[in-house]
Each structure stands twice: as structure tokens, then as C-alpha cells.
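Engineer: Here you go, one structure.
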Amino acid sequence: RSGLLTATMGLIAQGETKLTASGAGTLAEASVERFSPFQGKITRAGVDLGSVVSADFTYSNNLDKVETIRGDGRIEDADPGMVMMSGNIAVRFRDTALLDQATAGTPVELTFGWVTDAARSLVFKAHAVYLPRAKTPVTGPNGVQATFAWQAAKDMTLGKTVTATLVNNVTSY
């Protein structure tokens with residue numbers, strides 16, 4: 001609930017063209033609005049997931065650079081790989097909903113989102129998440145806490161693993 005969100009992106013680019021204008025406006029107009037973890041929300045199957053202590057996730061499209069010997073120093077291509085999304089959710093036990101889900105071995109939809117207001121939000125929806133059985137050590141009078149190291153799979157009905165939705169005041173990029 002404190003500090004600012006952090007994201008790290010590794011990009012592969014080739015043959016980029018310097019633009020004279022930006023879809024986000026001129027530099028004088030551009031301002032960065034960051035989301036606060038305080039505005040975060042995690043849902044399981046569309047219902048708020050309570051008692052979450054911490055959560056993180058990693059997304060990768062696993063592009064594979066085709067590095068060949070070329071006179072211009074560029075890569076030849078980038079082959080698409082299998083999309084991967086995984087993460088960790090640490091929860092304090094108030095019920096056994098996640099433990100029951102892990103034991104059953106059935107996928108569930110998890111959503112990680114930050115909503116400032118109706119005009120600004122960032123939401124990542126993993127459509128078919130599998131939870132492993134978590135070890136639940138009892139460490140003292142402070143309650144029981146468990147960490148689920150989850151893995152998302154491709155939802156066969158939707159044909160995708162994850163959907164990211166950004167809502168802001170920029171009409172197009």
C-alpha cells in the first residue's frame with residue numbers, strides 16, 4: 001500500500017524510424033501519471049480476493065531473436081514463442097478458497113488491476129490460472145500465511161493466456 005508500482009520491460013526492436021510527432025502528444029503536453037499500489041485490486045473469478053499480503057507476476061512473449069551475420073548489424077527476425085505468465089500470491093488464511101482451488105486442480109481467472117478512477121485504469125487478466133498446493137506452516141500467533149506460485153495457461157475457449165487493458169485519456173497510439 002506504499003511506494004510506487006514498478007515495471008521492467010525488455011524489448012526487441014529493429015529498423016525503428018525516428019518520429020517527429022507522438023501519438024501521446026507533444027513533450028510539453030505529456031505527463032506521467034503513475035498508479036499507486038494503494039489503488040490495486042486482485043480478483044479471483046470476478047470476486048475480490050481478500051487477505052492478499054503481496055502479489056507479483058511476470059509476463060513474457062518469449063520472442064527468440066534470429067541472429068545472423070549481416071552487414072547492417074541488425075537481427076534477421078524475431079520468432080514468436082509461447083506466451084508465459086506466472087507469479088506469486090501470498091495470502092493470510094481467512095478461508096480455504098485458494099487451497100481448495102489448488103487441490104481441485106481446476107483453472108481460475110485471476111485479475112490484477114489498478115484503478116485510479118473511471119478514466120484511468122490498468123488491468124491484467126490471466127484467463128486460466130493453475131494454483132499449486134501451497135505449504136501452510138503455522139509459525140506463531142500471527143495467523144497462517146501461504147504463498148501460491150501460480151502459472152497461467154492458454155484458455156482454449158478464448159484462445160489467449162492474458163489480456164491487458166489500459167484506459168487513459170489518450171485516444172489512440
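Engineer: Looking at this structure, is Val47 over 19 Å from Thr165 (Cβ atoms) and modelled with pLDDT under 85? Steps first, please.
Structural biologist: Details: over 19 Å from Thr165 (Cβ atoms): no; modelled with pLDDT under 85: yes.
Judged against the criteria, Val47 is not a match.
Engineer: Just checking: which of the strands (runs of 3 or more DSSP E) contained wholly in the stretch 55-173 hold 3 or more residues that are surrounded by 15 or more Cβ atoms within 10 Å (Cβ to Cβ)? Step through it out loud before you land on a result.
Structural biologist: Values: elements: 64-66, 77-79, 84-92, 108-117, 120-130, 145-153, 162-167.
Answer list for the stretch 55-173: 84-92, 108-117, 120-130, 145-153.
Engineer: Take the stretch 82-104 and flag every residue that is of a type in the set (Gly, Ala, Ser), touching a Phe, Trp or Tyr at 6+ places or on another chain (Cβ under 7 Å) and at pLDDT 85 or above. Steps first, please.
Structural biologist: First, the residues of the stretch 82-104 that are of a type in the set (Gly, Ala, Ser): 86-87, 90, 97, 102, 104.
Adding the requirement that they be touching a Phe, Trp or Tyr at 6+ places or on another chain (Cβ under 7 Å) leaves 86-87, 102.
Once the filter is applied, which keeps residues that are of a type in the set (Gly, Ala, Ser), touching a Phe, Trp or Tyr at 6+ places or on another chain (Cβ under 7 Å) and at pLDDT 85 or above, the stretch 82-104 yields Ser86, Gly87.
The values are calculated or read from the model by the stated rules, or taken from the named source; none is laboratory data. Nothing here was measured: the structure is a model prediction, and the numbers come from that model. Note: ideal-geometry Cβ built from the backbone for every residue, glycine included; neighbour counts use all protein chains shown.
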